[in-house]
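The values are calculated or read from the model by the stated rules, or taken from the named source; none is laboratory data. Worth saying up front: this structure is predicted, and the values here are computed from it rather than measured. Reconstructed Cβ throughout: ideal geometry from the backbone, glycine too, with neighbour counts over all protein chains shown. Please note that ligands, DNA and RNA were not included when accessible areas were found on the heavy atoms of the full protein model with its side chains. Shrake-Rupley method; radii C 1.70, N 1.55, O 1.52, S 1.80 Å.
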Amino acid sequence: MGLLQYFRQEKPKKGSAKLAKDRLQIIVAHEHSSAARPAYLPEMQKEIVAVIRKYMEISSNDVKCEFTDKADDDISVLEVNVALPKQHTPF
Amino acid sequence: MAKVIVVTSGKGGVGKTTSSAAIGTGLAMSGAKTVIIDFDIGLRNLDLIMGCERRVVYDLINVINGEANLQQALVKDKRSSDLYIMPASQTRNKDALTKEGVEKVIHDLKADGFEYIICDSPAGIEQGAMMALYFADEAVVTTNPEVSSVRDSDRITGMLSSKSYRSEQQLTPVKVHLLITRYCPERVEKEEMLSIDDIDDLLGIDLLGVIPESQDVLNASNLGEPIILNQECDAGKAYQDAVDRLMGIERDLRFVTYEKKSFLSRIFGG
Ligand SMILES: Nc1ncnc2c1ncn2[C@@H]1O[C@H](COP(=O)(O)OP(=O)(O)OP(=O)(O)O)[C@@H](O)[C@H]1O
Ligand SMILES: [Mg+2]
């Protein structure tokens with residue numbers, strides 16, 4: 001390339017490799033957790049919803065069950081999240 | 001002890017066949033009796049890369065179906081006396097590849113004194129790929145520094161630890177190696193391409209080798225000569241290093257950093 005062109009060249013843009021890595025980190029972690037998810041999870045989620053419904057009105061989407069395998073720590077975590085509607089009405 | 005090594009990736013076109021041919025040839029050159037099996041039923045290519053396509057008579061499916069015996073189907077390499085190729089069928093449906101059939105072929109190859117049985121997997125995660133990895137003792141997960149390839153490598157690594165004979169029988173897990181191919185140090189330097197460290201972080205598999213992107217690979221396939229036989233070129237040397245590591249010899253990584261061209265050579269097109 002010519003001398004002028006060389007000096008006119010823009011500073012190289014920060015490449016996209018960083019973004020690629022970030023996206024992969026998220027998707028790979030997600031796929032690992034769904035691979036480790038036990039088959040009984042949806043059934044258990046339904047039963048938890050049924051139990052809570054004895055006491056208050058919630059929709060079946062208000063209970064979230066997540067299962068994560070912590071390969072490094074040699075433990076698995078079962079996370080049950082119950083989102084209660086703001087003004088839940090006790091029976 | 002004979003070793004069954006699958007060369008796999010999930011994603012297609014990342015360099016499995018190129019790597020199977022190079023690694024198989026390298027192992028045979030060390031004096032170990034080696035066979036490379038093409039599991040890509042319907043799309044055989046290993047014969048072309050090895051340059052033995054005109055000597056193929058019978059194939060893996062013929063052997064499984066009892067239409068030919070092992071000796072009839074094995075194609076002897078014309079360069080190394082310790083190397084054989086088992087071609088894939090070009091006509092059959094991949095369902096012809098049964099677990100029992102593959103097991104018997106591998107058993108008979110071991111009984112015949114083969115020390116390394118290299119399985120060149122087809123792309124994907126269907127029957128062909130599953131059968132190629134099922135009996136593996138070790139796996140070479142071939143990965144390009146590119147998002148879809150890395151994701152698929154992670155996926156196939158999961159299959160190795162859950163869908164293989166070793167996992168099902170709760171034996172020592174398949175030993176998984178990462179082989180990064182088509183690596184461009186210059187693009188990594190410019191942060192356009194995932195680096196070795198990035199891929200290592202993401203996959204967490206032991207690194208077996210890094211093969212640079214190289215025009216010599218196309219040339220080798222044109223000639224039907226595995227790239228490892230070209231010890232003049234970087235890719236050939238990088239494959240040799242990988243084979244040495246597979247046999248337990250320590251080798252430093254080479255061809256992974258970008259040598260910036262000097263100011264003058266850039267101006268004058270050096
Ligand atoms: N290090 C390299 N540098 C440049 N080109 C390469 C390199 N490795 C492989 N290739 C090219 O990439 C293409 C695909 O290679 P190859 O057939 O080995 O992949 P594959 O994973 O076996 O594909 P498939 O999934 O279809 O079986 C070929 O054209 C080959 O020449
Ligand atoms: Mg192939």
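Here are some notes:
- Taking the average, over residues, of other Cβ atoms within 10 Å as the packing measure, peptides B:252-258, B:80-86 rank B:80-86, B:252-258 from highest down.
- Directionally averaged projected area (convex hull, Cα atoms, region B:8-81), nm²: 5.3
- At least 20 Å² of accessible area lost relative to the chain alone, listed for region B:151-193 with a 1.4 Å probe: B:R151, B:D154, B:K190, B:E191, B:E192
- For region B:185-259, the dipole from Cβ point charges (+1 on Lys and Arg, -1 on Asp and Glu) about the Cα centre works out to 300 debye, to the nearest 20.
- Estimated from helices alone, the mean residue ellipticity of the protein assembly as shown at 222 nm is -11500 deg cm²/dmol (sum of -39500 (n - 2.57) over DSSP H runs with n ≥ 4, per residue).
- Couplings for region A:16-23, taken from phi via the Karplus curve 6.51 cos²θ - 1.76 cosθ + 1.60 with θ = phi - 60°, read 9, 4, 4, 5, 4, 5, 4, 5 Hz in order; Gly and Pro are left as x.
- Span from the region A:24-66 Cα centroid across to the region B:97-174 one, whole angstrom: 33
- Chains B and A together bury some 1600 Å² of accessible area, summed over both sides, with a 1.4 Å probe.
- Over region B:55-99 - Rg/Rh using Cα atoms and the Kirkwood inverse-distance radius: 1.01
- Average accessible surface area per residue within the protein assembly as shown, 1.4 Å rolling probe, Å²: 54
- Reduced Cα scattering model of chain B, Debye log10 I(q)/I(0), q = 0.09, 0.17 Å⁻¹: -0.39, -1.36
- Kirkwood Rh (inverse of mean 1/r, distinct Cα pairs), region B:74-178, angstrom: 15.1
- Highest average first, the peptides A:38-49, A:14-25 ordered by how many other beta carbon atoms sit within 10 Å of their residues are A:14-25, A:38-49.
- 11 Å beta-carbon shell around B:D241, net charge (K/R +1, D/E -1): 0
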